[in-house]
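**Q** Before I ask anything, here is the structure I am working with.
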């Protein structure tokens with residue numbers, strides 16, 4: 001039996017509630033396959049479309065007579081954790097019942113600590129919220145100096161927030177206890193709610209987006225997982241991707257991953273963060289392995305039939 005943290009990619013979730021309910025049913029089949037083999041499972045996931053919908057809806061209502069208060073971005077992230085967790089819980093319970101598995105599924109609203117000195121805060125890059133004109137954006141920035149807006153590929157101006165690295169997970173102890181009690185746990189949704197620790201020991205939410213692969217990696221370290229599975233749209237990591245000499249990678253070492261990344265084989269906006277998170281986990285303790293694999297073939301990675309394994 002192994003302890004496995006699974007990071008679900010955006011392809012496993014939908015852009016609407018109805019679409020998401022269909023997609024998580026497919027994701028549940030892959031996840032319950034691990035549970036059926038006797039493994040302990042913890043699930044992290046993204047929340048890009050979902051937190052965007054929540055943020056846009058609250059913002060629109062606030063500005064158009066809906067009598068809705070302005071909603072801080074950390075609270076929107078918390079809402080998305082509950083919404084996605086609700087769908088995942090039900091899908092996992094249904095699939096477990098089909099497989100005659102009696103397991104509880106629990107979603108933990110998770111706060112992920114970041115550092116106020118993280119260099120990402122000096123250069124916000126993650127767009128959130130709705131598009132607007134340059135005049136509207138500059139008016140908001142004048143009235144709210146803490147908010148930054150940038151032009152987005154000719155489509156208009158959008159608010160941007162930083163993407164700091166996770167340094168700790170506030171609820172790590174509770175997550176570990178739930179896993180050890182035999183539960184399937186959903187945690188660090190959307191990369192977690194970004195918080196900073198104040199001098200008095202309290203946590204305070206910040207408007208930021210944590211990469212879900214990095215948050216899942218940190219979670220895997222803190223709960224002493226054996227495996228980190230990053231589920232994506234491809235069966236294996238490739239070099240020379242989409243070129244005539246494309247080559248699939250079955251197993252690579254941390255050193256080889258570093259060399260290939262330095263050669264520019266992994267796109268910064270897609271595969272690179274998955275490779276970086278994977279090699280970080282594999283390098284964190286002897287015997288740990290990270291796997292990048294498609295959702296559909298995740299279970300086959302345990303026998304080497306699919307996926308790219310990153311080892312120390």
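**Q** If you line up the long axis of helix 271-284 against the longest principal axis of the chain, both from Cα atoms, how many degrees apart are they, to the nearest 10?
**A** So the helix axis and the longest Cα principal axis differ by about 60 degrees.
**Q** Would you please state which residues of the stretch 55-88 a label at residue 132 would reach in this model, taking the label point 7 Å out along Cα→Cβ and a backbone N cut-off of under 13 Å?
**A** Residues 56, 59-64, 70-71 fall inside that zone.
**Q** Rounded to the nearest 500, what is the 222 nm mean residue ellipticity of the chain from helices alone, with -39500 (n - 2.57) per DSSP H run of 4+ residues and division by all residues?
**A** Result for the chain, helices only: -12000 deg cm²/dmol.
**Q** Given the C-alpha atoms of the stretch 10-155, compute the convex hull and give its volume per residue in Å³.
**A** Details: hull volume 22.6 nm³, N = 146.
In the stretch 10-155, the Cα convex hull volume per residue is 155 Å³.
**Q** Using alpha carbons only, how many degrees (0 to 90, rounded to 10) separate the axis of helix 134-143 from the longest principal axis of the chain?
**A** Here the helix axis deviates by roughly 80 degrees.
**Q** Still on this structure: Counting only DSSP beta bridges with both residues in the chain, what percent are antiparallel, rounded to the nearest 5?
**A** Roughly 40 percent of the beta bridges in the chain run antiparallel, per DSSP.
**Q** Another question, then. What three numbers, in Å, describe the spread of the alpha carbons of the stretch 1-92 along their principal axes, ordered from the longest?
**A** 54, 23, 18
**Q** Find how much the distance from residue 296 to residue 153 grows on full extension, using 0.36 nm per residue of separation minus their present alpha carbon separation; answer in nm with one decimal.
**A** On the way: separation 143, 0.36 × 143 = 51.48 nm, distance 3.35 nm.
So the extension gain works out to 48.1 nm.
**Q** Moving to a separate point now. What translational D, rounded to a whole number of µm²/s, comes out for the stretch 227-295 from Stokes-Einstein when the hydrodynamic radius is the Kirkwood one over Cα pairs, at 37 °C and 0.692 mPa s?
**A** Reported coefficient: 269 µm²/s.
**Q** Another question, if that's okay. Once you order the gyration tensor axes a ≥ b ≥ c over the Cα atoms, which shape class does the stretch 138-225 get: rounded for a/c under 1.5, otherwise prolate or oblate by comparing a/b with b/c?
**A** prolate
**Q** Which of [x] 19.7, 59; [y] 18.6, 58; [z] 21.3, 69 is the computed Rg and Dmax of the Cα atoms in Å for the structure on display?
**A** Given [x] 19.7, 59; [y] 18.6, 58; [z] 21.3, 69, the calculated one carries the label [x].
**Q** Further question: Restricting to Cα pairs below 8 Å that are 6+ residues apart, what does the relative contact order work out to for the chain? Please round to a whole percent.
**A** Values: 654 pairs, mean separation 63.2, N = 312.
That works out to 20 percent.
**Q** Tell me the angle of helix 17-36 to the major Cα principal axis of the chain, expressed in degrees between 0 and 90 and rounded to the nearest ten.
**A** Compared with the principal axis, the helix lies near 30 degrees.
**Q** Using packing as a proxy for protection, rank 277-289, 261-273, 90-102 so that the peptide with the highest average count of other Cβ atoms within 10 Å comes first. Walk me through the intermediate numbers first.
**A** On the way: 277-289: 19.4, 261-273: 13.5, 90-102: 15.3.
Descending packing order for the listed peptides: 277-289, 90-102, 261-273.
**Q** Extent of the stretch 40-105 along each principal axis, from alpha carbon coordinates, in Å, largest to smallest?
**A** 50, 19, 16
Any read-out appearing in this document is the output of simple, stated calculations on the displayed coordinates, not a laboratory observation. Quantities reported herein were computed from a predicted structural model and do not represent experimental measurements. Here the Cβ is made from the backbone with ideal geometry for all residues, glycine too, and neighbour counts use every protein chain on show.
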